[in-house]
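Remarks on the structure that follows.
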2 protein chains.
Amino acid sequence: MTEEIYDVVVLGGGAGGVPAAVRAAQLGGTVAVIEQENFGGLCMNKGCIPFGHMMTASNIVGNLSLGRDMGLHVSEVSLDYEILVRRQNELIDFMRKGVVGTLVKNGIDRIEGRGRISGKGRMDVNGNTIAFKNLILASGGEWIMPDFPNSDLDDVVNTNYLLEAKILPKRVLLFGRIPWLVEIAQFLNRFGCQVILATQDKSLLSDESKTISSRLRKTLKSSGIDIKHDAEIINLAKNNGGLQVEIKSKNGIEEVFVEKIITAERKAALKGLGLENLQIDKGADFIKVNEKMETKINGVYAIGDITEEQSRHYSHLASEEGVIAAENAMGGKAELDQRTCTRILYSQPEVACVGLTAKEAKAAGYDVYVGAAPLSMNPYGMILSENEGIIEVVAEKKYGEILGVHFIGTSASEMAGQAVLAIRMEMTLEELAKTSFPHPTLSESLAEAAREALGVPIYLP
Amino acid sequence: MTEEIYDVVVLGGGAGGVPAAVRAAQLGGTVAVIEQENFGGLCMNKGCIPFGHMMTASNIVGNLSLGRDMGLHVSEVSLDYEILVRRQNELIDFMRKGVVGTLVKNGIDRIEGRGRISGKGRMDVNGNTIAFKNLILASGGEWIMPDFPNSDLDDVVNTNYLLEAKILPKRVLLFGRIPWLVEIAQFLNRFGCQVILATQDKSLLSDESKTISSRLRKTLKSSGIDIKHDAEIINLAKNNGGLQVEIKSKNGIEEVFVEKIITAERKAALKGLGLENLQIDKGADFIKVNEKMETKINGVYAIGDITEEQSRHYSHLASEEGVIAAENAMGGKAELDQRTCTRILYSQPEVACVGLTAKEAKAAGYDVYVGAAPLSMNPYGMILSENEGIIEVVAEKKYGEILGVHFIGTSASEMAGQAVLAIRMEMTLEELAKTSFPHPTLSESLAEAAREALGVPIYLP
């Protein structure tokens, strides 16, 4: 009996692994994907989808205050959290079936279990050996126990807690530098929870432009979220069914009482993969790859959260990397475009940042133009009361090439696609400045920001 | 005393005239803009802005049914129309002041009154003569009395009626082929009015792709709007404080009773401009211009609604044309990109169509690819219950150049900017197919539609 040797084996059926498998199959490969838990991975099962779902509910409530200004009579709104969670779980279940259907349609073998590299071209799953010509490692990340005193107490939880809760907590501390916590802060705040949002960093979204982070901060603060910077938990104890937390921050040392501390730290999940059997560098925090998603071992690729620091754990990045790895595994020559991974937050206002900030561009040696158009001066923005919204454009001076675009405001996540296209197509400020977006839209401010950068805004004062 | 001769006089301070004046001033010209009514024109005062405002209120209410599915307990919503109109008027007032501020900042003379060309390089306003080297005609359109029996009855009104009403009518007939009526139909329907929407055309949005128009129709019908195609009003009479209408349509002849008939027909406003004094063609329904916005008379440009059939009365088109006319008037060489004027509707789902439909592309001699990705299969679309949403891409086969993109769904108006950029930058299907949009967004379906067109969708069944 001849052993089947797959052209491509994908370890992990998440946001990266699934498109990798499909693309390899489209290119004629025999493909298997190994998944130990749920197809769809963190993103679909415990990340983007359930939290995107929560934020949608949260934003519907947020829009009601605009509605009241417009003359809509609406009652105070309450949330039946069990219904929210049930709808979310039904959606996830439906999406998971969709993923399986996609794999089936593309003739991809699904192998359920934990895969471990056992040698060159070989992987062990459930005691069976799977042979492959190419391997795409896409097994994602794992939760980290946070690094503060008594962080192993029961009431110190990660974001999974919210996916299983029956009711929402009344008082929480969200602790960490993970932007995702901003969404959760706003969601909980909107449904009656007192929220402290504490980050070790000097500001929220400390890597993004000040324009964006300060406007986000202002909105969150005005809704009553207690934001602490330069924060550190220096003591933690159980107290009366909750937690007594001593927290040091810019404000000094304070003692707070909360029901839960929610954290969201993750890292690349490298243990147990058998990387040592292929001499893949296991000393690092994550697997290093080049722009073709190649590891140092011939025929072994890695994509997604396993190849990145947590600040770049984005499922759209994993998906893009998956397609690139698959094309290269099948003999192609694809490369990752590093410029346009959107950093995104489903808060209200939404945040979407594409490409370089002015600071990063300067550090990279560019002479830069920066232009910004506040959405409070955009006609549609005025209708929507986009008081904190803005679109900021960064371009280099020599050719006017656009290097970064940063959005805060309604539909930022959808507008971000414009920035992705502009940067990929190497569009110039001049070209963007002349682009006619439909009226009335917030997108019009993208062209106006480009004009502002060039010193010729049409509508801005 | 030497007479001042303006480099550029702009007749009309609306969506086209204002950017024209600003751009001419930016280029160093001495500029005057003549406005007989309100700066901001139809769009700001009686069009896009007030109706965009109404649709925003309407869409907030629309989103509550999704909210209820998500576990939000909300009361039935009612609208205090006076508050809505007051907020709208305050906004318009604020925007008007903004426009005036922009003109002042740019050193543009504002002349209030009705301008009439009195000869070469001369215009008469309020009995004074204004002299100019270049003229940009931007005086817009005017309402037309609709063409059916007894259309002069008081209760046959145009959309201005809604801007002055104290309360909303309970039963209306919206009559005409103007897409704008779709927005009004949905707005009135949502706030308790029984709506008949009747068009002389074979379908709603009869020039758009069937995919878009049939999905829009389905949504409107399911909300209880009575849609009539191939419609004609054959008899009309006053009856009991309302109107008795005999209407012939695909369904045969029916008699309906309504409080009001609302129409929205407009045409280029050519009368009284003194066009005969410059031998500008006044036989036509609108002023013909070339891609530089030049009329046949040297130094005389025309832009916006005065140069178009009503189906192309879009304020963003007028604005773009204004900038082009101004650049050319100041000695530049700008040309209108005819490919990317977005046709847009703020209904729920929103509609935004950019570029050619497949039918138009074929008629233009192209061999075409068409790809579509339903938003009901997009993860974010599933969260948002985008049952009728879809993104459709049309490209030509030789180079894969994208010719058209049509959106129906939430944020279609903002996603449209992606299509505008893709078409202007002459992006190919291959390039779009490889673009990584942030996850989870509806925009991801734009890339999937491109992949579908190429026969390699990743997620679609």
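The length gained by stretching the chain between B:Asp285 and B:Asn89 to full extension, at 0.36 nm per residue less their Cα-Cα distance, is 67.3 nm.
Nearest 500 deg cm²/dmol is fine: what mean residue ellipticity at 222 nm does chain B get from its DSSP H runs of n ≥ 4 alone, each adding -39,500 (n - 2.57), divided by its residue count?
Values: 13 runs with 146 residues, N = 461.
Helix-only estimate at 222 nm: -9500 deg cm²/dmol.
With a Förster radius of 22 Å applied to the C-beta separation of A:Glu246 and A:Ser223, the computed FRET efficiency comes to 0.30.
What separates the B:Lys362 label point from its copies, with the point 7 Å along Cα to Cβ, is 5.7 nm, written shortest first. Shown for A:Glu3: label points 7 Å from Cα along the beta-carbon vector, and their distances to the equivalent points in the other copies, 9.7 nm in ascending order. Computed over the protein assembly as shown, the alpha-carbon pair-distance distribution with 20 angstrom bins reads 14, 43, 32, 10, 1, 0, each value a whole percent. Over 31 Å apart at the Cα level, from the set A:Lys434/B:Lys218; A:Lys398/B:Lys333; B:Lys218/B:Lys292, are A:Lys434/B:Lys218; B:Lys218/B:Lys292.
Spacing of the modelled spin labels on A:Ser203 and B:Lys397, each 7 Å from Cα toward Cβ, amounts to 5.4 nm.
Could you work out the equivalent-ellipsoid semi-axes for the range B:315-461, taking the square root of 5 times each eigenvalue of the Cα gyration tensor, largest first, in whole Å? Spell out each step's value before the answer.
Numbers: eigenvalues 153, 69, 32 Å².
After diagonalising the Cα gyration tensor, the semi-axes are 28, 19, 13 Å.
Going by neighbour counts of Cβ atoms within 10 Å, the residues B:Ser65, B:Ser376 line up, fewest first, as B:Ser65, B:Ser376.
Tell me, B:Tyr301, B:Tyr369 in order of fewest to most beta-carbon neighbours within 10 Å? Could you put the intermediate results ahead of the total?
Working: B:Tyr301 28, B:Tyr369 21.
Ascending number of Cβ neighbours within 10 Å: B:Tyr369, B:Tyr301.
For A:Lys267, the aspartates and glutamates whose Cα falls under 14 Å of its own Cα, not counting residues fewer than eight places away in the same chain, are A:Glu142, A:Asp147, A:Asp285, A:Asp305, A:Glu308, A:Glu309. For B:Lys248, the lysines whose Cα comes closer than 20 Å to its Cα, not counting residues fewer than 8 places off in the same chain, are B:Lys202, B:Lys221, B:Lys228, B:Lys238, B:Lys260. Bridgeable aspartates and glutamates around B:Lys250 (alpha carbons under 13 Å apart, same-chain partners fewer than 8 residues away excluded): B:Asp201, B:Asp226, B:Asp230, B:Glu232. State the Cα centre-to-centre distance between the range A:351-388 and the range B:389-433 in whole Å. Using only Cα atoms, the two centres lie 24 Å from each other.
The label point for B:Arg68 and the one for A:Glu37, both projected 7 Å from the Cα toward the Cβ, are 3.6 nm apart.
Sorted from closest to farthest, the other copies place their B:His73 label points 2.0 nm away, with each point set 7 Å from Cα along Cα→Cβ. Specify the inter-centroid distance of the range A:145-216 and the range B:249-303, based on alpha-carbon positions, in whole Å. Here the answer is 57 Å between Cα centres.
Each residue, B:Glu430 and A:Val104, gets one label point 7 Å from its Cα in the Cβ direction; the gap between the two is 3.5 nm. In this calculation the C-beta distance from A:Asp230 to A:Ile144 is compared with R0 = 22 Å, giving a FRET efficiency of 0.60.
Just so you know, all these numbers are worked out from the coordinates, no wet-lab data involved. The structure presented is a predicted model; accordingly, all values stated were derived computationally and were not measured. Cβ: placed from backbone, ideal geometry, glycine included. Neighbour counts: every protein chain shown.
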